[in-house]
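Trainee: Let me give you the structure first, and then I'll get to my questions.
Derivation of every value follows stated rules applied to the coordinates shown; laboratory data play no part. Note that the coordinates shown come from a computational prediction; the quantities given were computed from them, not determined experimentally. Positions of Cβ are backbone-derived with ideal geometry, glycine not excepted, and every protein chain shown enters the neighbour counts.
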Amino acid sequence: MIKIPLEIVSIEPNGTHLLLDVEVNGNKLKVVLDTGASRSVFDLDYLKSIEPELIVKEEEATSAGVGAIDIISYTAVIENFGIGQQQIPKFEIAAMDLAAVLQSYEKIGAVKIHGVLGGDILLKGNAQIDYAKRELRLDEQAILWSND
């Protein structure tokens, strides 16, 4: 079992968000753990700033999320995606303009984030969230799926 530390951030007035660290080709990024997101999504501009050679492809359909509709979405293959001690080779992620989300975090004085960890990792990794221990647990065997 992979155990990834979680940071619990208070969102006023009565909410919390869970944050964790991941790596994209050796670059450390802070992401929000989002059980309602179908895919892991990263800020397009930030990805391009740390990986200028990254090839992104526009998706045919637009994406929607809380507070946003008709956002142009892209996909990219990350050569080495790290979560906890696990490396996932050739991991396909979604990328889009997350400026509004990033600004929301800045307004509340929260830690700067770079994206969202979603259901693609959580479901396939048989995720368990332990709030008391502040950790995300993933099955290390299940997480190493092919991206077919």
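Trainee: Remind me, relative contact order of the chain in percent, using alpha carbon pairs under 8 angstrom and six or more residues apart?
Mentor: Across the chain, relative contact order equals 31 percent.
Trainee: Students often forget the sequence filter, so: which lysines lie under 16 Å Cα-Cα from residue 124 once same-chain residues fewer than 8 apart are removed?
Mentor: Result set, ordered by chain and number: 3, 90.
Trainee: Using 0.36 nm times the number of residues separating residue 107 and residue 126, minus their current alpha carbon distance, what extension gain do you get?
Mentor: 3.5 nm
Trainee: Shape of the stretch 9-64 from its Cα gyration tensor (a ≥ b ≥ c, root eigenvalues): rounded if a/c is under 1.5, otherwise prolate when a/b > b/c, or oblate?
Mentor: Since a/c reaches 1.5 but b/c is at least a/b, the shape of the stretch 9-64 is classed as oblate.
Trainee: Extending each Cα 7 Å along its Cβ direction at residue 58 and residue 45, get the distance between those two points in nm, one decimal.
Mentor: 1.9
Trainee: Let me ask something else. Taking every pair of distinct Cα atoms and averaging 1/r, then inverting, what Kirkwood hydrodynamic radius in Å comes out for the chain?
Mentor: 15.7
Trainee: Here is a further query. Assigning unit charges at the beta carbon (Lys, Arg +1; Asp, Glu -1) and nothing else, what dipole magnitude in debye, to the nearest 20, does the stretch 2-138 show about its Cα centre?
Mentor: The calculated dipole for the stretch 2-138 is roughly 540 debye.
Trainee: Given H placed on each backbone N at 1.01 Å, which residues far from residue 135 in sequence or on other chains put an amide H within less than 5 Å of it?
Mentor: 6, 130
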